[in-house]
1. Of all residues in region 290-323, how many are farther than 20 Å from Thr277 by Cα and part of a loop (DSSP other than H, G, I, E, B)?
2. Which residues, taken from region 324-351, are within 18 Å of Leu214 (Cβ to Cβ) and assigned to a helix (DSSP H, G or I)?
3. Exactly one of these conditions fails for Glu292: (1) surrounded by 17 or more Cβ atoms within 10 Å (Cβ to Cβ); (2) touching a helix residue (DSSP H, G or I) at 6+ places or on another chain (Cβ under 6 Å); (3) not aliphatic (A, V, I, L, M). Give me its number.
4. Counting only residues that are part of a loop (DSSP other than H, G, I, E, B) and open to solvent by 50 Å² or more (accessible area, probe 1.4 Å), which one in region 158-214 is nearest to Gly316 (Cα to Cα)?
5. Looking at this structure, is Thr252 open to solvent by 10 Å² or more (accessible area, probe 1.4 Å) and in a helix (DSSP H, G or I)?
6. Of (1) open to solvent by less than 40 Å² (accessible area, probe 1.4 Å); (2) out of contact with any strand residue (DSSP E or B) (no Cβ under 8 Å at 6 or more places or on another chain), Ser279 satisfies all except one. Which?
7. Kindly provide the set of residues from region 95-115 that are surrounded by fewer than 21 Cβ atoms within 10 Å (Cβ to Cβ) and either under 21 Å from Ala332 (Cα atoms) or out of contact with any helix residue (DSSP H, G or I) (no Cβ under 9 Å at 6 or more places or on another chain) (or both), ordered by number.
8. Any chance you could count how many residues in region 125-142 are charged (D, E, K, R), free of Cβ contacts under 8 Å to residues at least 40 places away in the same chain and under 24 Å from Leu108 (Cβ atoms)?
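The values are calculated or read from the model by the stated rules, or taken from the named source; none is laboratory data. Note that the structure is predicted; figures quoted are calculated from it, not measured. We place every Cβ from the backbone using ideal geometry, glycine too, and count neighbours over all the protein chains shown. Heads up: the accessible areas ignore ligands, DNA and RNA and are worked out on the full protein's heavy atoms, side chains in. Shrake-Rupley method; radii C 1.70, N 1.55, O 1.52, S 1.80 Å.
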Amino acid sequence: MTRDVYLSLLFTRVSESGVVGEPERPGPHLPVTDDRLAPMDERTFDRSGQHASVVGLGTWQLGADWGDVDDKKALSVLETAAESGVTFFDTADVYGDGRSEQTIAAFLSGRPDLHVLVATKMGRRVDQIPENYVLDNFRAWNDRSRRNLGVDRIDLVQLHCPPTPVYSTDEVFDALDTLVEEERIAAYGVSVETCAEALTAIARPNVASVQIILNPFRMKPLREVLPAAREAGVGVIARVPLASGLLSGKYTRDTVFPENDHRTYNRHGESFDVGETFSGVDYVTGVEAAAEFAALAPEGYTPAQLALRWIIEQPGVTTVIPGARSPEQARANADAARLPELPDGTLAAIRDLYDRRIKDQVESRW
């Protein structure tokens with residue numbers, strides 16, 4: 001299905017569902033009580049000069065691998081995030097085979113008033129061997145993402161957790177520089193699995209951002225990656241901030257996830273790096289530790305907001321990108337940016353929980 005056909009069908013379905021308030025205007029238009037967007041602090045990717053809200057939106061779940069999210073709800077999530085002050089959307093060409101990118105395009109085409117930095121990722125559409133990370137493939141993947149997103153130039157393109165040798169290959173970064181010179185992309189970064197990969201990428205002079213798993217169950221980047229990124233002026237995008245939902249405190253040992261949810265089919269790394277699912281923590285251990293974590297939430301914080309606030313307060317973090325499957329989740333995630341700073345006692349208790357229950361499971365691998 002072409003992008004134009006997809007968008008036409010998407011607009012039709014959204015109009016019929018009642019999300020669009022004006023039939024002649026494509027895209028969602030939810031009621032807003034204030035004509036001004038809710039403010040949120042922004043931080044800078046120093047090397048590229050780009051800005052992102054401290055809480056962004058991850059959109060993996062709007063494409064696939066988290067159960068089903070229909071078009072109406074996906075657009076409502078994007079609308080609510082934007083109205084809550086989010087100015088950074090993170091996606092990838094493989095999320096729903098382009099569906100996530102196309103949904104973002106559909107939303108933004110109906111909201112020309114918004115200024116959102118859109119970051120996508122590339123590289124996971126082929127066999128994961130270093131030989132596939134070449135300029136011709138980069139151009140082809142970039143062409144496809146630009147069509148999906150409906151833009152001539154993409155704000156930020158990230159290599160999508162490529163094989164480790166890619167980070168040490170000069171030709172790869174020469175090819176990315178070529179994409180910038182050809183004005184296909186404004187800037188580029190990398191999404192990594194390990195701290196060692198992040199440090200190798202940070203040493204590259206034109207890498208604008210590093211996306212890495214960082215949350216109260218994955219603290220090693222605090223020690224190894226964030227200081228190096230700050231010194232180099234590289235932005236840090238914190239992903240998997242809720243440990244695939246564990247840190248929301250909603251799950252028990254008996255929770256059953258849908259078959260098409262990676263928390264079912266990748267629990268042991270069957271499809272991709274196991275660190276992407278529950279941050280690599282054994283599920284039973286994770287549920288038990290998450291219950292302890294939830295009990296640490298100060299008054300006025302949900303456990304999820306506690307996790308997000310903890311990440312926001314780490315020096316060197318540019319933006320954190322929780323996903324959201326509903327407008328309510330998107331709004332609550334954004335609200336974490338406006339909560340008071342965490343007390344020292346809470347920060348110390350979170351660190352103690354990590355050291356006791358989680359550290360030994362994750363630090364040797366990532």
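1. The qualifying residues number 14.
2. Answer for region 324-351, where residues must be within 18 Å of Leu214 (Cβ to Cβ) and assigned to a helix (DSSP H, G or I): Asn333, Ala336, Ala337, Thr346, Leu347, Ile350, Arg351.
3. Of everything listed in (1) surrounded by 17 or more Cβ atoms within 10 Å (Cβ to Cβ); (2) touching a helix residue (DSSP H, G or I) at 6+ places or on another chain (Cβ under 6 Å); (3) not aliphatic (A, V, I, L, M), Glu292 misses just condition (1).
4. Ala203
5. For Thr252, the condition - open to solvent by 10 Å² or more (accessible area, probe 1.4 Å) and in a helix (DSSP H, G or I) - is not met.
6. Result: Ser279 passes all but (2).
7. Scanning region 95-115 gives Asp97, Pro112, Asp113, Leu114, His115.
8. Qualifying residue count, region 125-142: 1.
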